[in-house]
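One structure is given here, and the rest of the page talks about it.
The numbers here are math on the coordinates, done by the rules we state, and not lab data. Because the structure is predicted, anything quoted here is derived from the model rather than measured. FYI the Cβ positions are ideal-geometry reconstructions off the backbone, even for glycines, and counts take in every protein chain you see.
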Amino acid sequence: MVGLRNIHPSFPLFYTSVLAIFAFLMLSGGLLLVFTIFRGKDIFLSHKLRGVVAKVLFPFMILMGRLVGVSKERVQQSFIELNNHLVQSNHHRTGPNKLLILLPHCIQDFDCQVKITGNIRNCKGCGKCEIKNLIELSDQYQVKIAVATGGTLARRIIVDNRPEAIVAVACELDLTSGIQDTYPIPVIGILNERPNGPCINTKVDIQKVKQAILDFLESQAS
Ligand code: SF4
């Protein structure tokens with residue numbers, strides 16, 4: 001304060017006001033976040049919170065996690081969970097033809113010779129990996145489905161399909177960056193399971209994918 005006053009007499013007041021506004025915004029944002037998740041409903045402007053969480057809060061969470069010794073992976077998991085809660089609370093309405101299931105390539109059986117990245121329908125349905133069940137799920141609800149080998153192809157698929165909502169399966173890193181990149185498109189992120197280590201023969205809980213699809217389609221009916 002003394003230093004600021006030396007620069008200009010009004011600086012301390014200005015500094016205090018900026019700090020007070022910042023603290024007020026942080027507190028109201030935090031309370032809004034808690035109430036939105038707690039009530040499971042969109043509250044005043046809470047749909048904008050997901051953008052704030054993705055663009056502002058997440059880098060802050062990573063920094064805080066580093067300071068207190070929480071792994072980046074754990075922070076990413078929390079971010080994905082928080083994002084999913086907010087998407088579900090906002091009850092986004094989506095038609096089946098505007099809903100996209102986006103899968104990582106590592107879910108395909110490693111020894112499978114069929115090329116499914118350009119067209120997942122090339123799958124022969126042998127059942128050695130979960131691609132078969134996921135295609136059946138997309139047929140059941142008439143939603144689009146695609147496989148991406150990385151972020152660049154995922155972005156292209158999104159540009160080509162213009163979905164209004166996405167159910168994405170991936171690891172922590174890809175889901176986090178995907179949710180951030182595709183904002184404001186609502187994304188429900190589902191972590192893949194890695195019984196064989198990362199990036200090979202990964203799995204996903206089909207029931208979670210089904211529930212995420214219903215979360216978007218059922219809200220359309222409500
Ligand atoms: S289910 Fe499809 S993608 Fe999976 S191994 Fe069989 S043919 Fe390949």
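Neighbours of Arg155 by Cβ distance under 14 Å: Lys/Arg scored +1, Asp/Glu scored -1, total -1. Among Lys55, Lys115, Lys210, the residue with the largest mean-square fluctuation in a Gaussian network model of the chain, with springs joining Cα atoms closer than 10 Å, is Lys115.
Start at zero, step by 10 Å, and the Cα-Cα distances of the stretch 41-177 spread as 11, 34, 34, 17, 4, 0 percent across the bins.
Rounded to the nearest 20 debye, the dipole size of the chain about its Cα centre is 340 debye, using +1 on the Cβ of Lys and Arg and -1 on the Cβ of Asp and Glu.
Tally Lys and Arg at +1 and Asp and Glu at -1 over the other residues with C-beta under 11 Å from the C-beta of Asn97: what net charge comes out?
Numbers: positive: Lys98, Lys144, Arg162; negative: Glu164.
Once positives and negatives cancel, what remains is +2.
Mean separation of Cα pairs under 8 Å and 6 or more residues apart, divided by the residue count, gives the stretch 146-222 a relative contact order of 23 percent. For the residue pairs Lys144/Lys210; Lys98/Lys144; Lys55/Lys208; Lys132/Lys210, the alpha carbons lie more than 18 Å apart in Lys55/Lys208. Which is farthest toward the positive dipole end of the chain among Cys129, Val68, Val167, measuring Cα position about the Cα centre, with Cβ charges +1 (Lys, Arg) and -1 (Asp, Glu)? Looking along the dipole axis, the top candidate is Val68. Within the listed set Leu27, Leu82, Leu99, the Gaussian network model of the chain (springs between alpha-carbon atoms below 10 Å) gives the highest mean-square fluctuation for Leu27.
How high is the relative contact order of the chain, given as a whole-number percent (alpha carbon pairs under 8 Å, six or more residues apart)?
Working: 292 pairs, mean separation 48.7, N = 222.
That works out to 22 percent.
Electrostatic bookkeeping for Phe79 treats Lys and Arg as +1 and Asp and Glu as -1; over the other residues with beta carbon under 15 Å from its beta carbon, the sum is 0. Across the chain, the longest run free of exposed loop sites, meaning chymotrypsin sites (Phe, Trp or Tyr not before Pro) lying outside DSSP classes H, G, I, E and B with no more than 12 other Cβ atoms within 10 Å, spans 111-222. Three principal axis extents of the stretch 162-221 based on alpha-carbon atoms, in descending order, are 39, 26, 15 Å.
Taking the chain as the reference, fit the longest principal axis to its C-alpha atoms, fit the long axis of helix 72-90 to the helix C-alpha atoms, and give the angle between the two in degrees, 0 to 90, nearest 10. Tilt relative to the chain: about 90 degrees. Comparing Thr117, Thr94, Thr152 in a Gaussian network model of the chain (Cα springs below 10 Å), the most mobile by mean-square fluctuation is Thr152.
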